Amino acid sequence: MRIAAAPLLLALALAGCATAKPPAWVPAEGTYTADRAGFQIDGPAGWMRRNYQPPVETFLATRDGTALQRIVAGTTELGKPLGFGKSKRPVTAGMSPAELGELVVDDLQSADDLTDVRLLESAPAQVCGRPGFHVLAAFRDAGLPRRATLYGATDGGRLFWIYYVAPERHYYPLDLPTFDKVRETFRLRGAPPPAPAPAAPPTS
């Protein structure tokens, strides 16, 4: 019985390993790479990152819980809505920074749980080394005043964006410096360098 049971226990253990789900949250520190979306970002030490599984490629990190602060980075394909709220207005090629800022506010205003959405600032900004925009907005989420700062820029067929949102009092100013440091690491993944041309055959 002992000899027969050993292979059975081993098989059950291997089956348990095969069906184990990946953890929902992992340490955020280190480089997160979104291969298909085409960006990389370095997460802050001491924070946790949502461990999304393919095909989802979104960076979401928090220190104390997403209700208290979160940094989120991702992309939106041109021709599609932003997806923050329920607005159907698409992101289109050639939008000016001002138009993209208006689009962000429109999308926030369309969200079910957000009220009193106000645009505090909208200005051009450098994002991932490209000309982009910056939006600072205030709103209430379930009655709690919050602030959100968002940066974005278009490249190729996508809008690349990164934002930080937290309760207006205490948490927003507390973790804003961390967001600024993370934002500086937000970068696009360039195409690999071309292979060197083969050497020309000798002429003599």
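Every read-out reported here was derived from the displayed coordinates using simple, explicitly stated rules and does not represent laboratory data. Since the model is a prediction, treat every value here as computed from it, not as a measurement. Because the Cβ atoms are built from the backbone with ideal geometry, glycine has one as well, and the counts that use them run over all protein chains shown.
Taking 0.36 nm per residue of separation and subtracting the current Cα-Cα distance, fully stretching the chain between K21 and E99 would add 23.9 nm. Model label points for T31 and D64, set 7 angstrom from Cα along the Cα-to-Cβ axis, are 3.2 nm apart.
Amide H to amide H distances under 5 Å link N51 with W25, V26, where only residues 5 or more positions off or on other chains count and H is placed in the peptide plane. Hydrodynamic estimate: the Kirkwood radius of the stretch 21-188 over Cα pairs, inserted into Stokes-Einstein at 25 °C and 0.890 mPa s, corresponds to D of 152 µm²/s. Taken one residue at a time, the phi angles of the stretch 162-171 give Karplus couplings (6.51, -1.76, 1.60, θ = phi - 60°) of 8, 9, 9, 9, 6, x, 4, 8, 6, 5 Hz. Gly and Pro are set to x. Exposure proxy shown here: for Y171, Y164, the number of other Cβ atoms within 10 Å sets the order, fewest to most, as Y171, Y164. Please identify every one of the trypsin sites (Lys or Arg not before Pro) in the stretch 78-179 that sits in a loop by DSSP and has no more than 13 other beta carbons within 10 Å of its own beta carbon. The qualifying sites are K86, K88, R169.
Cross-link reach is defined here as a Cα-Cα straight distance under 18 Å, omitting same-chain residues fewer than 8 places apart; for K80 the lysines meeting it are K88.
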